[in-house]
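The values are calculated or read from the model by the stated rules, or taken from the named source; none is laboratory data. Given the structure is predicted, the values throughout are model-derived calculations rather than measurements. Heads up, the Cβs are rebuilt from the backbone with ideal geometry, glycines too, and the neighbour counts pull from every protein chain shown.
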Amino acid sequence: MLIRARTLLPLSSHVFENGAVRVEGARIQAVGSASDLKPKAGEEVLELGSCVLMPGLINSHCHLDYSTMRNAIAPPSGFTEWVLRINSIKRQLSPEDILDAIRRGYAEAQRYGTTTVCSMAAFPDLLPQLPPAPLRTWWFYEMIDIRHRVTSDDVIAGALTFFETEKSALTNFGLNPHAPYTASLLLYRLAYACAKQNGMLLTTHVSESREETEMFALGSGPLHAFLSGLDRPMHDCGHDTPFGWLWRNGAIGGDWILAHMNDLKASDFALLETISREKLPHIVHCPGSHAYFKHPPFAFGKLAGLGVNLCVGTDSLASTDSLSLLGELRRLQSCEPGLSAEDLLHTITLAPARALQKEGELGCLEAGAMADMIAIPFDGAPEQAADACVSFTGLVPWMMVDGKVLPVPPL
Ligand SMILES: [Zn+2]
């Protein structure tokens, strides 16, 4: 199939007018100007007309299973208060509620141009009941070992069914030791070893809130009080920042995708400076969730200056109002006005592709890449295309995933 569009924004190379992309099966076979890429005899030609054809967007951190929680929790005074609220909501959800939330989350992500989603799986035992993933998906198995969770029969059964879930072309698995306050160093190390052995990706939440930093660095505060009340062993508190604790203990490494890293201290930056660029962990910033919790300002410029691969994700609808990645970019832009539209788009295409170890396959339009792409209405000059995409607030009218055109899900 030959797809033609007035403006092509490959991101891995320069923008140009009157472009064409040849798709064969699930992959892009060639990218070029419409005058160079002529249809072969009998080849289907799809004319998209006045639009920007660009790589599909990658959400590098979300929780699809919380997609029915929009506006369910008023902005809390602190992170621990929110944890208590969401735990109470989760206890009331039936399996049908959770499966419905995942379906709704997929539909919303798709309407906003997301073709790849990295979702934490808090209810992994339910995944085998889902229909095949409509979008390219990494399900990260959430691992928690405060109290009994990991050793209970239900959870072991859930874990087994999770990894027995039929792997479609679009479904991939990873591990998610939840956060240093809910997962022990032992659990992190087991996950790390298991992921290395099985070629799985790893992600975790680190340094999300001031309360998490207070718990680890000072051994005090509301999160410390809450978790010590649950009989969590607290001997890891009072020594280091959350990131410093995990990194210096070898619990995480450069191949990890770290969500948040919001409340970093001077010692965290000093530690990051000692790590060579190619061994730095990937970081996902979630601007909407960040604003909701009123976290300390995200150190985008400082981390970018250190060479950190910075991605943007939405987090869940329990702490943001939409699964629109372009909406997240506009929030980031308001905090970081110096970033160009290309820089912003990088955080939801090329950067997460690198974090997912899919450089040249996802987040770009080039020969050999997966045919995951979107079209955004546009009739301006090529040099305005990236800005127009970041500013686009509507629903994305055309999408291809894995070489197949997907209909826009009804609202
Ligand atoms: Zn999260």
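Quick check on Gly254: is it on the phi < 0 side of the Ramachandran plot and either assigned by TED's automatic domain parsing to the domain that holds His63 or polar (S, T, N, Q) (or both)?
The answer is yes for Gly254.
Here's the yes/no breakdown for (1) in a strand (DSSP E or B); (2) touching a residue at least 12 places away in the same chain (Cβ under 8 Å); (3) outside the structural domain of Ile283 (by TED's automatic domain parsing); (4) within 29 Å of Leu350 (Cα to Cα):
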{"residue": "Leu48", "(1), (2), (3), (4)": "yes, yes, yes, yes"}
{"residue": "Cys51", "(1), (2), (3), (4)": "yes, yes, yes, yes"}
{"residue": "Asp65", "(1), (2), (3), (4)": "no, yes, no, yes"}
{"residue": "Ala74", "(1), (2), (3), (4)": "no, no, no, no"}
{"residue": "Leu84", "(1), (2), (3), (4)": "no, yes, no, no"}
{"residue": "Asn87", "(1), (2), (3), (4)": "no, no, no, no"}
{"residue": "Lys90", "(1), (2), (3), (4)": "no, yes, no, no"}
{"residue": "Glu96", "(1), (2), (3), (4)": "no, no, no, no"}
**Complete:** Being more than 16 Å from the ligand (Cβ to nearest atom) and outside the structural domain of Gly25 (by TED's automatic domain parsing) narrows Gly338, Gly380 down to just Gly338
**Fill in**
For segment 192-210 the number of residues that are within 16 Å of the ligand (Cβ to nearest atom) and either crowded, with 23+ Cβ neighbours inside 10 Å or at positive phi (or both) is 7
**Message:** Tell me which helices (runs of 4 or more DSSP H) are completely within segment 176-238 and hold 1 or more residues being under 23 Å from the mean Cα position of the chain (by Cα) and among the charged types (D, E, K, R), or say none if there are none.
**Reply:** 185-198, 210-213
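Condition first: away from the ligand (no atom under 16 Å from the Cβ), small (Gly, Ala, Ser) and under 15 Å from Ala179 (Cβ atoms). Now tell me which residues in segment 249-283 satisfy that.
Ala251
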**Request:** Scan segment 55-86 for residues that are modelled with pLDDT under 95, hydroxyl-bearing (Ser, Thr, Tyr) and within 12 Å of the ligand (Cβ to nearest atom) and report the count.
**Result:** 1
**Asked** Residues of segment 305-331 being out of contact with any strand residue (DSSP E or B) (no Cβ under 6 Å at 6 or more places or on another chain) and either aliphatic (A, V, I, L, M) or away from the ligand (no atom under 16 Å from the Cβ) (or both), which ones?
**Response** Gly305, Leu306, Gly307, Leu317, Ala318, Leu323, Ser324, Leu326, Gly327, Leu329, Arg330, Arg331
